[in-house]
Structures are given as structure tokens and as C-alpha cells.
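Trainee: Here it is, the structure in full.
The values are calculated or read from the model by the stated rules, or taken from the named source; none is laboratory data. Every value quoted in this text rests on a predicted model; they were computed, and no experiment measured them. Neighbour counts run over all protein chains shown; Cβ positions are idealised from the backbone, glycine included. Side chains are part of the model used for accessible areas, which takes the heavy atoms of the whole protein and leaves out ligands, DNA and RNA. Shrake-Rupley method; radii C 1.70, N 1.55, O 1.52, S 1.80 Å.
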Amino acid sequence: MSSYLLVHADSDREYLRGPGDELQTDLGVLEVPDDVAHGDVLETHLGEAFHARRLRGPDLFNHFERTGAPMMPRDIGLVIGHTGAQSGDRVLDAGTGTGVLSGFLGRIGADVTTFEVDPEFAEVARGNMELGGVSDRVDVRTGDLTDELDDLAAGDPFDLITLDTGDAAAVVERAPQLLVPGGYVAVYTPFVEDARDTELAAREAGLGDVETLETIQRELTVDERGTRPSTAGVGHTGYLLFARRVE
């Protein structure tokens, strides 16, 4: 059953509910119809209007239950853009966490196998995949990917490997045995030392098109005085390594 975002017409308040659910706020009580559809306008018993919207990627980022700091949309966009991830791709992921990256990849039609070492985190991620409507395309497994590399290398190869783990370099070393020719690996690392280790591992493994990027983004503040970069928020999020099996 898909959930919908109920957005109050006269404010920025929004709530996540599914068909048949009830919303109770100071704006009144609203029964979500079983046949609710994207674009419907629903009213509470006090006459307050809410617009029903289908969930999109940014909504998943905002409403997934979090077990830590999820990958930011800016980084996810770079992963998809630099690797050309697309519908039908087989993706091997590790460091599931909240599952935002896996959710985004599942929603563009990729089939994702993702590993999370923490059982509680893995269970939360499974619930988030249900919420995102991608539980049929994202297989959340509890365990350490490095323990499964031999078995995975003996099976069908992957189009893309995405990693957000402290031992990513050990997986990158095996990437040529895990990827299809032309397949990509993308690694997110919060620390520059880990970024260096993964790049050296990629080069040692014979991967091509190796590059490491620092992700920096600044929001602009626009007001009557003028326009300038915001002094609030986090500009730096992390480092992204991209590499490709070229043979």
C-alpha cells in the first residue's frame, strides 16, 4: 500500500498517511479515502484543505526513519549522474544505514542488494523500503559484505557497486570480479584518509576512469539587501570516488 504526502494548503506542514488512515491535528480530523489519488484535495472536519501528493525522492529523504546521517541528495545525484545508474541495473550496495541511496536507486528501477551490519538498522531500512514502495526491488541483508565477496563473485556480475563503509577499499580491490565490463563503483567516504585508500585500491585493482571528488554546496540567501552565500548549513558533506571496470 502506497503512502501519500498530505500537504496543508496554507502552510508548510505535511504528514505521511496511507489510504484508509486517519490524520488528527489541531487543523482537524481527516479520513484518507481508500481511493485517494495524486492531486486530490482532502478536507478535515474543520474545513482545512490538504493536497495529496505521491512520494518523490526528496520526500523519502525527509520522511524515512533515520538510524544515522543519511547520504545527502546532492551526493546521490552525483552517484546517479556519474555512473549512469538506470532501470534494470543490478546494484551491490553496502552500508545501508537509513537506506536513502538504496531507495533512490530502487525508484529509478534498479535491483539493489544492500548489506547492513547492524541488525536494528537493517530492520529500519526494510521498513523504509516498504514506505518508499521499493521493497520488491531492494533486498536488505543483515551482514558484512566482505564476508560474502567470494560467493557474490561466483554469481552474476553487477552493473554498479555503491559503498558507504569503513572497509570500502577491501571491496574495491575485488571490484573487477564483481562488475560487468564497463560497470562502475562509487564510494562515499566522510574522511580524506579513507578517500585516499579507496582511490589507491581502485588503481591497484586496475580500474579505469578513477576520480575522487569533494562534495561542496552552498545555498544562496536572497533578501531585500542583496544576494550572498548562506552562512548557515553544511557546505561539505564528504568525498566520492568513482571508478570503472574498463576491460
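Trainee: Quick check on packing: order 117-128, 167-178, 221-232 by the mean number of other C-beta atoms within 10 Å, highest mean leading.
Mentor: In decreasing order of mean packing, 117-128, 167-178, 221-232 become 167-178, 117-128, 221-232.
Trainee: Given axes a ≥ b ≥ c from the Cα gyration tensor, I'd like to know whether region 41-150 is rounded (a/c under 1.5), prolate (a/b larger than b/c) or oblate.
Mentor: Judged from the Cα gyration tensor, region 41-150 comes out prolate (a/c at least 1.5, a/b above b/c).
Trainee: Once the other residues with Cβ under 12 Å from the Cβ of residue 87 are scored (Lys, Arg +1; Asp, Glu -1), what is the net sum?
Mentor: 0
Trainee: Where does the chain land at 222 nm, in deg cm²/dmol rounded to the nearest 500, when only DSSP H runs of n ≥ 4 count, each adding -39500 (n - 2.57), divided by all residues?
Mentor: Roughly -7500 deg cm²/dmol at 222 nm, from the helical runs in the chain.
Trainee: Report the full-extension gain for the segment residue 66 to residue 7: residue separation times 0.36 nm, less the Cα-Cα distance, to one decimal in nm.
Mentor: Between residue 66 and residue 7, full extension yields 19.1 nm more.
Trainee: Got a sec to turn the phi values of region 23-40 into Karplus ³J(HN,Hα) couplings, 6.51 cos²θ - 1.76 cosθ + 1.60 with θ = phi - 60°, whole Hz, x for Gly and Pro?
Mentor: Running phi through 6.51 cos²θ - 1.76 cosθ + 1.60 with θ = phi - 60° gives 10, 10, 9, 5, 8, x, 9, 10, 9, 7, x, 5, 9, 4, 9, 4, x, 5 Hz.
Trainee: Of all the accessible heavy-atom surface of region 30-188, with the other protein chains kept in place and a 1.4 Å probe, what percent is carbon and sulfur?
Mentor: 45 percent
Trainee: Taking the mean number of other Cβ atoms within 10 Å as a proxy for protection, how do you rank 129-141, 66-78 from highest to lowest?
Mentor: The peptides rank, most packed first, as 129-141, 66-78.
Trainee: Please list, in chain and number order, the residues 5+ apart from residue 221 or on another chain whose amide H is under 5 Å from its amide H, with Hs placed from the backbone.
Mentor: 228, 230
Trainee: Here is a follow-up. Dipole magnitude of region 1-73 about its Cα centre, charges +1 at Lys/Arg Cβ and -1 at Asp/Glu Cβ only, in debye to the nearest 20?
Mentor: Rounded to the nearest 20 debye, it is 440 debye.
Trainee: Which whole-Hz couplings ³J(HN,Hα) result when phi for each residue of region 192-206 is put into the Karplus expression 6.51 cos²θ - 1.76 cosθ + 1.60, θ = phi - 60°, listed in order with x for Gly and Pro?
Mentor: 5, 5, 5, 4, 4, 4, 5, 5, 4, 5, 5, 5, 5, 6, x
Trainee: Which of the GluC sites (Glu not before Pro) across region 19-100 are loop residues per DSSP, with 13 or fewer other Cβ within 10 Å?
Mentor: Sparse-neighbourhood loop GluC sites (Glu not before Pro): 65.
Trainee: Then there is this: Could you compute the net charge surrounding residue 188? Neighbours are other residues with a C-beta less than 11 Å from the C-beta of residue 188; K and R count +1, D and E count -1.
Mentor: Local net charge: -4.
Trainee: Same structure again: What does the charge add up to near residue 14, with Lys and Arg as +1, Asp and Glu as -1, over the other residues with Cβ less than 9 Å from its Cβ?
Mentor: That sum, taken over residues with Cβ under 9 Å, equals 0.
Trainee: If you place +1 on the Cβ of every Lys and Arg, -1 on the Cβ of every Asp and Glu, and leave all else neutral, what size is the dipole of the chain about its Cα centre, to the nearest 20 Debye?
Mentor: That gives a dipole near 800 debye.
Trainee: At q = 0.17 Å⁻¹, what is the log10 ratio I(q)/I(0) for the chain, with the Debye formula run over Cα points and no solvent?
Mentor: Reported log10 I(q)/I(0), two decimals: -1.20.
Trainee: Give me the 1.4 Å probe accessible area per residue for the chain, excluding ligands and nucleic acids, in Å².
Mentor: Accessible surface, normalised per residue, equals 51 Å².
Trainee: Compute the separation of the alpha-carbon centres of region 54-79 and region 139-201 and state it in Å as a whole number.
Mentor: 21 Å
Trainee: Of 28, 154, 76, which is farthest along the charge dipole of the chain in the positive direction, counting Lys and Arg as +1 and Asp and Glu as -1 at C-beta?
Mentor: 76
Trainee: What does DSSP give for the chain in terms of the percent of beta bridges that are antiparallel, rounded to the nearest 5?
Mentor: Counting only bridges with both partners in the chain, antiparallel ones make up about 65 percent.
Trainee: Could I ask something else about it? Does a label point 7 Å from the Cα of residue 117, set along Cα-to-beta-carbon, have any residues of region 169-210 with amide nitrogen under 15 Å, and which are they?
Mentor: Label zone hits: 169-172, 190.
Trainee: Indicate, rounded to the nearest 5 percent, the antiparallel portion of the DSSP beta bridges found entirely in region 114-247.
Mentor: Taking every DSSP beta bridge within region 114-247, about 70 percent pair in antiparallel fashion.
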